[in-house]
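Taking it in order: structure first as structure tokens, then the write-up.
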Amino acid sequence: MTNSYPVSKGKVLPVLFGFFIMGFCDLVGVSVTYAKDMFGWSETEAGFLPSMVFIWFLILSIPTAMLANKIGRKHTVMISMFFTFIGMVIPFFIFNEITCYLAFGFLGIGNTILQVSLNPLLTNVVYEDKLTSSLTAGQFIKAISSFLGPIVAGYCSLHLGSWEKMFSLYAIVTLISSAWLYFTRIEETPNEEKSLSFGRIIGLLGDGKILLLFLGILCIVGLDVGMNTVTPKLLIERTGIEKEAAGYGTSWYFAARTLGTFIGAFLLARVSAKGYFRINMLVVLIAMGALFIVSTQLWILAMVSIIAFAASSIFAVIYGIALQLYPQKANEISGLMITGVAGGAVIPPLMGISADYLGNQTGSLLIIGICVIYLFGCSFWVKTGTSSNRV
């Protein structure tokens with residue numbers, strides 16, 4: 001899609017800041033630990049908290065694409081901000097087991113709507129040749145938000161008396177983002193067809209290229225959530241350190257991912273998306289293989305960081321290729337691709353089953369390894385056209 005409207009930082013920045021709100025979904029990682037301790041939850045009860053976030057990607061992604069096609073992307077983003085704000089403000093009034101689940105449920109709804117509508121909204125404020133790098137810049141901002149989550153939770157717990165006070169801070173940030181975007185004038189390409197059908201969007205999977213990329217999104221999100229989940233467990237199992245210390249493994253992962261998206265945003269503005277995809281997945285494949293055999297804390301953290309760094313921009317690459325494949329169907333493709341974020345709800349249970357079967361975290365790594373192998377193959381199966389960022 002070639003953007004025919006004037007491009008300015010005044011339009012790009014409020015859209016990119018929306019990616020900071022998108023990073024709120026990663027709050028669920030650190031919240032599981034705090035909530036489990038506060039409410040005395042079992043592992044099963046705690047495991048439902050991430051599901052409250054990721055299940056909505058499966059349920060609402062396609063309906064949201066249909067809504068965006070009807071009322072516009074910016075209006076749809078504003079609706080997502082409303083649901084996110086509701087989720088963040090609930091704990092301010094009352095916080096117990098039920099409202100904790102409810103808060104993350106609203107956060108999941110808002111985040112789903114946001115991811116479906118915000119990504120294609122970028123096509124209205126940046127030029128086509130900058131889309132992939134802009135998407136990566138957005139992922140960098142999202143990564144910063146994810147990285148700050150455990151720090152904010154820890155600060156609120158130590159200095160404000162309770163970890164859940166972080167929700168009030170995030171509610172304020174959501175309001176700021178909403179107001180900034182609301183008062184920004186963004187011209188959208190009119191849609192000739194205001195209504196879309198569920199069957200029509202699902203029917204896109206009949207296109208082999210779209211199916212290939214959809215499975216790629218499912219695998220890269222599964223890889224991301226899976227590594228977040230397995231890293232502390234792997235450290236405890238192989239090095240015997242305490243769970244509090246092992247939790248810092250997640251911070252290493254987020255830090256490396258943040259750095260990777262920052263560098264990726266610059267590289268993808270200058271190199272072929274396909275070449276970047278292929279080289280980075282080769283690095284991930286090698287580091288993943290090493291993770292099966294390393295046993296010291298230093299080497300485990302090193303391999304985890306390499307995987308996070310190299311895989312950090314792959315979501316943006318796959319998503320950008322899909323949008324540029326059929327630019328006139330940006331809303332439909334966005335809804336379909338974001339449905340693949342449900343991989344964050346699918347892959348971890350498979351990891352758990354595999355780990356229980358083998359009796360250790362090698363089972364979890366096997367499931368993640370399958371995702372890595374697919375993504376490496378996908379980087380070769382993707383075909384490019386006249387543009388380096390096209391399939």
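Readers should treat all values here as calculations from the given coordinates under stated rules, not as data from a laboratory. These numbers come from a predicted model, not from an experiment. Virtual Cβ from ideal backbone geometry, glycine too; neighbours counted across all protein chains shown.
Some notes on this structure:
- Karplus 3J(HN,Hα) series, Hz, for the range 97-113 with 6.51 cos²θ - 1.76 cosθ + 1.60 (x for Gly, Pro): 4, 5, 5, 5, 4, 5, 4, 6, x, 5, 4, x, 4, x, 5, 4, 4
- Cut-off 15 Å between beta-carbons: net charge of the residues surrounding Ala345, Lys and Arg +1, Asp and Glu -1: -2
- Share of alpha-carbon pairs per 5 Å distance bin for the range 1-158, given as whole %: 2, 9, 17, 20, 19, 13, 9, 6, 3, 1, 0, 0
- By the beta-carbon count within 10 Å of each Cβ, the least crowded to most crowded order of Leu325, Leu160, Leu223, fewest first, is Leu160, Leu325, Leu223.
- Fewest-first ranking of Cys25, Cys100, using other Cβ atoms within 10 Å as the exposure measure: Cys100, Cys25
- Protection proxy ranking of 267-273, 280-286 - average other beta-carbon atoms within 10 Å, highest first: 280-286, 267-273
- Neighbour-count ranking [beta-carbon atoms within 10 angstrom, fewest first] of Ile62, Ile318: Ile62, Ile318
- The Cys residues in the chain with no partner Cys Cβ within less than 4.7 Å of their Cβ are Cys25, Cys100, Cys156, Cys378.
- Sum of -39500 (n - 2.57) over DSSP H runs of 4+, divided by residues of the chain (222 nm, nearest 500): -26000 deg cm²/dmol
- Note on the range 110-188: along the principal axes its Cα atoms extend 47, 25, 18 Å, ordered by decreasing extent.
- Net charge of neighbours whose Cβ lies under 13 Å from the Cβ of Ser364, counting Lys and Arg as +1 and Asp and Glu as -1: 0
- Counting Lys and Arg as +1 and Asp and Glu as -1 over every other residue whose Cβ lies under 12 Å from the Cβ of Leu122, the net charge comes to +2.
- What separates the Cα centres of the range 14-80 and the range 248-293 is a distance of 24 Å.
- In the chain the longest region clear of GluC sites (Glu not before Pro) that are loop-assigned by DSSP and have at most 11 other C-beta atoms within 10 Å covers 1-191.
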